[in-house]
Amino acid sequence: MSEAILEVRDLSKHFPMGKSGWRNSQQTWLKAVDGVSFDLHRGQTLGLVGESGCGKSTCARTIVGLYPPTSGSIRFEGNDLGSLSARGWAPYRRKIQMIFQDPFASLDPRQTVGSILTEPMAIHKLGKPRERRLRSMQLLEAVGLNPRHLYRYPHEFSGGQRQRIGIARALALEPEVIICDEPVSALDVSIQAQVINLLGELQERFNLAYLFIAHDLAVVRHICQRVAVMYLGRVVEVADRDTLFANPSHPYTRSLLSAVPDVDPEVESVRQRIVLRGDVPSPLTPPSGCTFHPRCPEREQVPGDRCSVEVPLLQGSGSGDQQRTCHLDT
Amino acid sequence: MALLDVNDLRVRFETHHGTVRAVDGVSFSLDEGETLGLVGESGSGKSVTNLGIMGLVPSPPGVVEAGHVLLEGRDLVQMSDAQLRSVRGNEVSMIFQDPMTSLNPLLTVERQLTEVLELHRNMTRAEARRAAAKGLDEVGIPEPERRLEQYPHELSGGMRQRVMIAMGLLCEPKLLLADEPTTALDVTIQAQILELMKDLQERRGTAIILVTHDLGVVAGMADRVHVMYAGRLVETGPIGSLFKDPRHPYTRGLLQSVPRLTGDPDVPLSSIPGQPPDLAALPPGCSFAPRCSFVQPTCELDRPDLARLPSDEARSSACFENENLPAKADQ
Ligand SMILES: Nc1ncnc2c1ncn2[C@@H]1O[C@H](COP(=O)(O)OP(=O)(O)OP(=O)(O)O)[C@@H](O)[C@H]1O
Ligand SMILES: Nc1ncnc2c1ncn2[C@@H]1O[C@H](COP(=O)(O)OP(=O)(O)OP(=O)(O)O)[C@@H](O)[C@H]1O
Ligand code: SF4
Ligand code: SF4
Ligand SMILES: [Mg+2]
Ligand SMILES: [Mg+2]
């Protein structure tokens, strides 16, 4: 495997919440990301999947420097980014780009599409004004938008069209790493296919690395070489794509895969979904031991109350470099 | 009588680059308890169709030149703003595609949810708060009491979307317009939300228009499907037969683009070649012609109307070549 361009070690991001306890003396914390580690390799895509609210976007935003980490390290080509000030970040801004989950909130409504795309190029002194304009038209075309729409404002576009503006913006600076937070979830499947194929081509051409957050597992399977599954702020399973989809080894991953809807109404009507019992736990008061234990359908197979007492560590399970956090026998 | 009857709805936007015909003559009706899936190209007018029904098209630049939108026989297009507001809070509700522009960033989740209830349901503040907490709980948000105190930016993308959904369901509407309600949600929570919608439908006979690009969700939820392209309906019909044997070339291309867990992940996904049309400069003939692999010379001259299929009365398609297409999509 090629060298790691981004190394994330034991990354945590905790948000302060209201006070509680005796005379409100207790500061409580929401542990959105709680000890996440992974490597991202040049030319590769790592998928990050997991339930809504499990900390994927927070992880992404911390990596690109939008939130300071509570602890842990983020190394880009060996340099620790987590400890950098805003100014120290400047040289890396261009190399690590992000496609945001919420396209509406991430585009300035007063800027035309043209200036949204050319401004970052101007800041980083890429090309002459004419070249920048030309390049932004090429970018629009590449993401399936009409190049003539350069002078329109974000509100004149539909949801999916705005998402593509965000993708074009991330590509404008020719980055080395792109953190993609649900980049295709607002697109119809045909344009989604176009954008996924485009991301694939660009990856090959420029040896780009992607961290690809998505909840559509069929999409993840198409674009990622490796996949990490998060649950309540932690990675519970990581494996190469084929292993994960053929032999998911964490009970949570298994339930996730069983719930993927299919386009064939006949398949849909006979599908056996593993329904998780119990409420989604809150990151404000995570369960003890294995945080998945209140909902785990396979917990009975672990003797005693080990699941609710002992925190399982991320370790090898089964074939190759598949890892999971679970007390079940492998 | 149908619950909702939309006839020749047209919405255009007057912009300085010309007239954008976002919705160009859409007609359909919907019965009580029915679910209609609305799918189609990004930018084809799905959201604007819903905004048109709700009387929420931003104006200017939007202009609604509707035939009519009848809800139980009353024309929403003719109603005064005050009448419309009351209909929106009680009988019809909409889950918007974008939570961040429809939630107020300065108000807590509690205020956003309780305002409607206090206004339309005459609840006291405490009652409304309890109802709001229950609503959040039902959409799978843990510790709802504490989440009520938070602001939208403190929630995850999927939680914001679920706050929107809770808001849309609180008034138990007769008609629910759900615009991409589950795009930001993982499959498990998505399943829970869809159950919740079905449950409301069973209890109240709610009719649902479900806009989504997730054809798997449509397959599991909808009774009928409408496929939109460039502001028009290009194919309609019952879910089973339409997905099994799509008759319009655009619908075929769309269904073939779906990535599936059973597909070969190393083959590039199939997509529809070419660019989506510019709604400010539509060609005179069939809007899909520049991208259609079945195109004939006549297609570029005239625009095909949505017409019943001779082979199946329940289905319609807007294509000159319907009868000449190969029998089944070669998927
Ligand atoms: N305020 C506006 N001003 C000008 N044009 C607009 C405006 N709102 C929408 N449009 C245009 O109207 C068309 C239809 O938009 P709409 O939002 O209905 O698309 P959609 O089918 O919902 O797409 P998506 O799946 O991407 O959400 C788009 O081409 C869009 O560019
Ligand atoms: N700025 C913030 N302040 C306080 N809490 C936050 C903030 N941002 C995120 N959180 C909390 O952190 C947790 C994880 O949120 P995050 O947005 O990372 O989830 P996610 O995995 O991206 O979910 P989704 O799939 O719904 O987008 C949530 O409980 C959320 O409420
Ligand atoms: S450790 Fe126990 S509760 Fe956790 S996933 Fe494994 S079996 Fe289930
Ligand atoms: S009318 Fe002609 S161009 Fe349009 S979809 Fe049918 S075959 Fe294709
Ligand atoms: Mg997120
Ligand atoms: Mg839309």
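The values are calculated or read from the model by the stated rules, or taken from the named source; none is laboratory data. The structure displayed is predicted, hence computed values, not measured ones. Using ideal geometry, Cβ is built from the backbone for each residue, glycine included, and neighbour counts are taken over all protein chains shown. Heavy atoms of the whole protein, side chains included, go into the accessibility calculation; ligands, DNA and RNA do not. Shrake-Rupley method; radii C 1.70, N 1.55, O 1.52, S 1.80 Å.
Data for the structure
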| item | result |
| --- | --- |
| Filter result (more than 8 Å from ligand 3 (Cβ to nearest atom), open to solvent by less than 80 Å² (accessible area, probe 1.4 Å) and closer than 19 Å to A:P248 by Cα) within region A:298-319 | A:L314, A:G316, A:S317, A:G318, A:S319 |
| Identity of the residue in region B:215-263, aromatic (F, W, Y) and modelled with pLDDT of 95 or more, that ends up nearest to B:S311 (Cα to Cα) | B:Y250 |
| Condition broken by B:R291, with the remaining ones in (1) charged (D, E, K, R); (2) at pLDDT below 95; (3) over 21 Å from B:G43 (Cβ atoms) satisfied | (3) |
| Residue count for region A:105-155, restricted to those that are within 29 Å of the chain's Cα centre (by Cα), part of a loop (DSSP other than H, G, I, E, B) and facing chain B (nearest Cβ under 10 Å) | 5 |
| Given (1) within 16 Å of ligand 6 (Cβ to nearest atom); (2) more than 22 Å from A:V33 (Cβ to Cβ); (3) open to solvent by less than 30 Å² (accessible area, probe 1.4 Å), number of the condition A:D102 does not satisfy | (2) |
| Candidate set: region A:212-234, residues that are away from every other protein chain (no Cβ under 11 Å) and under 12 Å from the mean Cα position of the chain (by Cα); chosen: the one nearest to A:T70 (Cα to Cα) | A:A228 |
| Members of region B:51-100 found to be under 30 Å from A:A193 (Cβ atoms) and either within 12 Å of chain A (Cβ to nearest Cβ) or not in a helix (DSSP H, G or I) (or both), listed by number | B:L51, B:M94, B:I95, B:F96, B:Q97, B:D98, B:P99, B:M100 |
| Some residue of region A:295-314 being more than 16 Å from ligand 1 (Cβ to nearest atom), in contact (Cβ under 8 Å) with a residue 60 or more places away in the chain and of a type outside the set (V, I, T) | yes |
| Of all residues making up region A:200-225, the number that are within 16 Å of A:L40 (Cα to Cα) and crowded, with 22+ Cβ neighbours inside 10 Å | 9 |
| Identity of the residue in region A:174-199, more than 17 Å from B:P273 (Cα to Cα) and modelled with pLDDT under 90, that ends up farthest from ligand 1 (Cβ to nearest atom) | A:E174 |
| Meets criteria (within 30 Å of B:L194 (Cα to Cα) and away from ligand 2 (no atom under 16 Å from the Cβ)) for A:R273 | yes |
| Elements of type strands (runs of 3 or more DSSP E) in region B:1-42, at least 3 residues being more than 16 Å from ligand 5 (Cβ to nearest atom) and hydroxyl-bearing (S, T, Y) | B:18-30 |
| Conditions (1) surrounded by 15 or more Cβ atoms within 10 Å (Cβ to Cβ); (2) in contact with a His (Cβ under 7 Å, 6 or more places away or on another chain); number of the one not met by A:L145 | (2) |
| B:R252 being within 11 Å of another protein chain (Cβ to nearest Cβ) and open to solvent by less than 20 Å² (accessible area, probe 1.4 Å) | yes |
| The listed residue being at pLDDT below 90, within 14 Å of A:P251 (Cβ to Cβ) and not small (G, A, S), out of A:T325, A:T330 | A:T330 |
| Cross-chain or 6+ apart pairs with Cβ under 6 Å, region A:183-202 first and under 17 Å from A:L48 (Cα atoms) and within 7 Å of another protein chain (Cβ to nearest Cβ), then open to solvent by 10 Å² or more (accessible area, probe 1.4 Å) and part of a loop (DSSP other than H, G, I, E, B) | A:S185/B:T183; A:I196/B:L269 |
| Members of region B:297-313 that are open to solvent by 80 Å² or more (accessible area, probe 1.4 Å) and of a type in the set (D, E, K, R) | B:E300, B:D302, B:D305, B:R308, B:E313 |
| Any hit, region A:161-181, residues being of a type in the set (G, A, S) and free of Cβ contacts under 8 Å to residues at least 24 places away in the same chain | no |
| Residues satisfying the stated conditions in region A:157-173, i.e. more than 9 Å from chain B (Cβ to nearest Cβ), of a type outside the set (D, E, K, R) and more than 16 Å from ligand 2 (Cβ to nearest atom) | A:I165, A:I167, A:A168, A:A170, A:L171, A:A172, A:L173 |
| Filtered residues of region A:28-67 (kept if away from ligand 2 (no atom under 12 Å from the Cβ), open to solvent by 20 Å² or more (accessible area, probe 1.4 Å) and under 19 Å from A:S106 (Cα atoms)) | A:G65 |
| Index of the failed condition, B:V139 passing every other in (1) more than 8 Å from chain A (Cβ to nearest Cβ); (2) within 17 Å of the chain's Cα centre (by Cα); (3) of a type in the set (V, I, T) | (2) |
| Breaking point among (1) surrounded by fewer than 24 Cβ atoms within 10 Å (Cβ to Cβ); (2) within 7 Å of chain B (Cβ to nearest Cβ); (3) under 23 Å from A:I63 (Cβ atoms); (4) not small (G, A, S), for A:E176 | (2) |
